[in-house]
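The values are calculated or read from the model by the stated rules, or taken from the named source; none is laboratory data. Fair warning: this is a prediction, and the values are worked out from it, not measured in the lab. Neighbour counts are summed over all protein chains in view; Cβ atoms, including those assigned to glycine, are modelled from backbone coordinates with ideal geometry.
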Amino acid sequence: MKIKDIVKAVEGYAPLELQADFDNSGLQLGFPEDEARGVLLCVDVTPAIIDEAVNKGANMVISHHPVLFHPIKSIVTGGFISDILLKAAAGRVSIYSAHTNLDCVLGGLNDYLAAALGVDVDIEQAGEGEFYRIGTVHGSFTFGQFAQNVKSVIGSRVRTIGDRDKIVATALVSTGAGGGDRDMFAMCRERGIDVVITAEVKHDVAVTCANEGICVIELTHYDSEKCARNILAGLLAGKGIDCLFASEVSPYNE
């Protein structure tokens with residue numbers, strides 16, 4: 001199977017048309033006609049990830065976050081992005097990123113995380129193309145109990161806002177930087193949604209939620225999106241493509 005065939009498989013599931021206007025998903029650097037010898041999955045591409053791919057005999061890296069996200073004016077050794085691109089080109093390693101298109105596609109990051117956290121999604125409330133999912137909390141929990149469950153599933157720290165004794169019945173899940181979407185939180189207030197699970201909550205949003213009774217569970221950006229690797233591995237396994245998980249760790253300290 002060629003690199004271009006793997007690209008076709010990913011985009012057949014998460015079309016580039018679904019990505020946000022600001023995004024740059026897709027083939028970042030590539031050799032489409034090369035035969036794929038191995039695929040390494042990660043959240044973020046770093047020079048070390050490219051080294052790992054080369055050492056493990058993988059000539060394709062699929063990440064969640066794009067390498068080429070902000071414009072660059074030059075590619076010179078010693079720069080973070082430059083070193084990624086130069087190492088990849090020298091090792092003939094293709095880099096592909098599935099970002100916001102993978103967030104919002106049905107069965108993508110938001111659906112996967114919601115299911116993992118015990119939120120039964122109502123797809124009629126927010127379906128494909130939306131960067132969040134709304135549903136009911138499976139079971140009867142106080143906010144404190146639910147937050148503890150989330151922490152156990154994520155396997156890392158979480159921060160909370162709100163009354164830990166409040167019974168939570170409805171939840172919104174938004175991976176990545178959803179914590180900065182003030183319109184999304186306003187919608188939660190209007191609909192009476194009990195708890196929001198997201199990352200990168202802005203301070204003014206936190207203050208508003210604390211005063212208006214909206215409970216919030218804040219994950220790190222990395223923890224909210226590391227499931228991208230699982231989704232991609234499952235997708236490609238169905239196409240007969242075995243993938244490796246990169247030896248990456250969260251950039252956040254505990």
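Residues that are charged (D, E, K, R): which helices (runs of 4 or more DSSP H) entirely in region 1-111 hold 2 or more of them?
In region 1-111, 3-13, 47-55, 80-90 are the helices (runs of 4 or more DSSP H) which contain 2 or more residues that are charged (D, E, K, R).
Just to be sure I understand, how many residues within region 194-213 are in a loop (DSSP other than H, G, I, E, B), closer than 15 Å to residue 144 by Cα and modelled with pLDDT of 95 or more? Spell out the reasoning first.
Taking region 194-213 and keeping what is in a loop (DSSP other than H, G, I, E, B), we get 194, 200-202, 213.
Next, only the ones that are closer than 15 Å to residue 144 by Cα stay: 194, 213.
From what is left, the residues that are modelled with pLDDT of 95 or more are 194.
Here the count works out to 1.
For residues that are free of Cβ contacts under 8 Å to residues at least 60 places away in the same chain, outside any helix (DSSP H, G or I) and in contact with a Cys (Cβ under 8 Å, 6 or more places away or on another chain), tally how many sit in region 214-254.
The total comes to 2.
Can you pull out the residues in region 3-32 that are over 27 Å from residue 111 (Cβ atoms) and touching a strand residue (DSSP E or B) at 6+ places or on another chain (Cβ under 6 Å)?
Passing the criteria: 3, 29, 30, 31.
What number of residues within region 128-145 satisfy the criterion of being farther than 30 Å from residue 18 by Cα and either touching a Gly at 6+ places or on another chain (Cβ under 8 Å) or in a strand (DSSP E or B) (or both)?
5
Let me spell it out: the conditions are (1) touching a residue at least 24 places away in the same chain (Cβ under 8 Å); (2) within 23 Å of residue 54 (Cα to Cα), and residue 197 meets all of them except one. Which number is the exception?
It fails just one condition, (2).
Just the residues that are under 11 Å from residue 194 (Cα atoms) and under 25 Å from the mean Cα position of the chain (by Cα), please, taken from region 134-150. Walk me through it before giving the result.
Of region 134-150, the ones under 11 Å from residue 194 (Cα atoms) are 134-137, 142-143.
Answer for region 134-150, where residues must be under 11 Å from residue 194 (Cα atoms) and under 25 Å from the mean Cα position of the chain (by Cα): 134, 135, 136, 137, 143.
For residues that are among the hydroxyl-bearing types (Ser, Thr, Tyr) and either touching a helix residue (DSSP H, G or I) at 6+ places or on another chain (Cβ under 8 Å) or crowded, with 21+ Cβ neighbours inside 10 Å (or both), tally how many sit in region 185-243.
3
Quick one: would you say residue 94 is over 25 Å from residue 219 (Cα atoms), under 22 Å from the mean Cα position of the chain (by Cα) and modelled with pLDDT of 95 or more?
yes
From the list 84, 95, 72, which residue is under 30 Å from residue 52 (Cα atoms), assigned by TED's automatic domain parsing to the domain that holds residue 235 and without any contact (Cβ under 8 Å) to a residue 12 or more places away in the chain?
After ruling out the rest, the residue left standing is 72.
Of the residues that sit in region 155-184 and are buried (at least 17 other Cβ atoms within 10 Å of the Cβ) and in a helix (DSSP H, G or I), which one is farthest from the chain's Cα centre (by Cα)?
Taking the candidates together, the pick is 184.
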